[in-house]
1. Can you tell me which of 56, 21, 69 is among the β-branched types (Val, Ile, Thr), farther than 19 Å from residue 296 by Cβ and without any contact (Cβ under 8 Å) to a residue 24 or more places away in the chain?
2. Listed residues 119, 134, 123; which is within 29 Å of residue 198 (Cβ to Cβ) and surrounded by fewer than 23 Cβ atoms within 10 Å (Cβ to Cβ)?
3. Based on what the data block shows, is residue 239 outside the structural domain of residue 128 (by TED's automatic domain parsing) and over 24 Å from residue 144 (Cα atoms)?
4. Could you please tell me which pairs satisfy a Cβ distance under 7 Å, a separation of 6+ or placement on different chains, a first residue in the range 270-285 that is within 15 Å of residue 108 (Cβ to Cβ), and a second residue that is among the polar types (S, T, N, Q) and part of a helix (DSSP H, G or I)?
5. Would you be able to say whether some residue in the range 68-83 is farther than 29 Å from residue 266 by Cα, assigned to a loop (DSSP other than H, G, I, E, B) and in contact with a Pro (Cβ under 8 Å, 6 or more places away or on another chain)?
6. If residue 206 passes every condition in (1) surrounded by 17 or more Cβ atoms within 10 Å (Cβ to Cβ); (2) in a loop (DSSP other than H, G, I, E, B) but one, which one does it miss?
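The values are calculated or read from the model by the stated rules, or taken from the named source; none is laboratory data. Given the structure is predicted, the values throughout are model-derived calculations rather than measurements. A quick note on method: Cβ atoms are made from the backbone with ideal geometry, for glycine too, and the neighbour counts reach across all protein chains shown.
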Amino acid sequence: MPARLMLLDTASLYFRAFYGVPDSIRRSDGTPVNAVRGLLDMIARLTVDFGATHLVACWDDDWRPQWRVDLIPSYKAHRVAEEVEAAPDVEVVPDPLEAQIPLIRETLALAGIAVVGAARHEADDVIGSYTAQAELPVDVVTGDRDLFQLVDDSRDVRVIYTAKGMKNLEVLTDAVVVSKYRVLPEQYAAFATLRGDTSDGLPGVAGIGEKTAATLLGQYGTLEALRAAVTDGGSGLSGSVRLKLEAAADYLDVAPRVVNVVRDLELPSLDEAGAHLQPVTGENRAELERLATEWNLGGSVGRLLAALDRTGD
C-alpha cells in the first residue's frame with residue numbers, strides 16, 4: 001500500500017460526532033458515549049476509504065492561543081464559556097461531550113493512534129506543521145475552512161472536508177478551491193482575512209465580501225501586493241476600495257499572523273509519534289474489546305480494529 005499520511009482535526013470531528021449521533025447512547029453509569037462511537041467510526045471509514053498508512057490525531061493543546069488574542073481580541077471570543085480575569089479561556093463544550101474526552105483519549109491510546117498537540121498552539125498549527133514537513137502525500141480531515149490554505153496539488157496535499165457529513169465528504173484539491181472561491185489555495189488565508197470569518201471572530205475588511213476579495217486577489221495576487229497598491233496612485237485600485245483598505249490598516253497589519261496556520265513547529269517525527277498504523281494486538285486489543293462491551297460502544301470498536309487489521313496486510 002502506498003504510504004499516505006492522514007491528519008485529523010480531532011476536535012472538529014468529535015464535535016461533529018457528538019451532534020450527529022444520539023446522546024441517548026450511554027454506558028451503564030449514564031455517561032454518554034455518542035462522540036466516542038462516532039469518532040471511532042469516522043476514523044475507521046476514513047483510513048480505509050483514503051488508504052491512510054500513517055495517522056495523527058492532532059489536538060488543541062490551546063484552542064485560543066493568547067498570542068492570537070493579543071493580535072485580534074475578538075478571535076474566537078464568542079466561543080468563550082466565561083470570562084475569568086487572569087485565567088485561561090474555557091471553550092464552550094457541552095457537559096455530555098466534556099465527559100467523553102478522556103474516554104476518547106483512552107480509546108485512541110489503546111488503538112495505537114498517535115495524538116499530538118503543541119503548547120500555545122491549536123490543532124490547525126500542528127496540522128500545518130506536519131503538512132509542511134511531511135515527505136508523504138497528506139490528507140487533512142476537518143470541518144473547518146481555515147485549512148483550505150494547505151491544499152497543494154504539487155505536493156499531493158488534499159483536504160477531506162466533513163462539513164456536509166460523512167455521507168457527503170468533499171475532497172478539496174487546487175481545482176476545487178478555485179471553483180468554490182475563485183482563489184488559489186495559497187491565497188485562501190488572504191481571502192479569509194479580507195472577507196472575515198464570523199466562526200472565528202475575524203471582522204474582515206468592512207465592505208469587502210467574498211466576491212470583491214476574490215477579484216482583488218485575482219488582480220493583485222497577494223495581500224501584500226494589494227496593500228502596496230493602496231499607496232500607488234497608478235495601481236488602478238478604485239477609490240472606494242482604497243478607502244476601505246486604509247480604514248482597516250490596523251487589522252490588516254496583524255490579521256495574517258492570526259489567519260495563517262503555523263508551519264514550523266518542532267513536533268515529534270511520525271516515527272517518534274507512533275503515526276504508522278498497525279493492527280492492534282495482545283492486551284490492548286483485549287482491553288478495547290472489553291471496553292466495547294463495558295462502555296456500550298456497539299460495533300464501533302470492531303470496525304476500527306478491522307480497519308487497522310488491514311494495515312498489516
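1. Values: 56 fails: without any contact (Cβ under 8 Å) to a residue 24 or more places away in the chain; 21 fails: farther than 19 Å from residue 296 by Cβ.
One residue alone meets the criteria, 69.
2. Step by step, each of 119, 134, 123 is checked, and only 119 is within 29 Å of residue 198 (Cβ to Cβ) and surrounded by fewer than 23 Cβ atoms within 10 Å (Cβ to Cβ).
3. Judged against the criteria, residue 239 is a match.
4. That search, which allows pairs on different chains as well, returns 277/47; 277/311; 278/311.
5. no
6. (1)
To keep it simple, each residue is scored yes or no on (1) within 19 Å of the chain's Cα centre (by Cα); (2) over 20 Å from residue 133 (Cα atoms); (3) surrounded by 15 or more Cβ atoms within 10 Å (Cβ to Cβ).
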{"position": "159", "(1), (2), (3)": "yes, no, yes"}
{"position": "164", "(1), (2), (3)": "yes, yes, no"}
{"position": "170", "(1), (2), (3)": "yes, yes, no"}
{"position": "175", "(1), (2), (3)": "no, yes, no"}
{"position": "185", "(1), (2), (3)": "yes, no, yes"}
{"position": "191", "(1), (2), (3)": "yes, yes, yes"}
{"position": "198", "(1), (2), (3)": "yes, yes, no"}
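Conditions tested, residue by residue: (1) of a type in the set (S, T, N, Q); (2) at positive phi; (3) under 25 Å from the mean Cα position of the chain (by Cα).
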| position | (1), (2), (3) |
| --- | --- |
| 228 | no, no, no |
| 260 | yes, no, yes |
| 268 | no, no, yes |
| 277 | no, no, yes |
| 282 | no, yes, no |
| 286 | no, no, no |
| 289 | no, no, no |
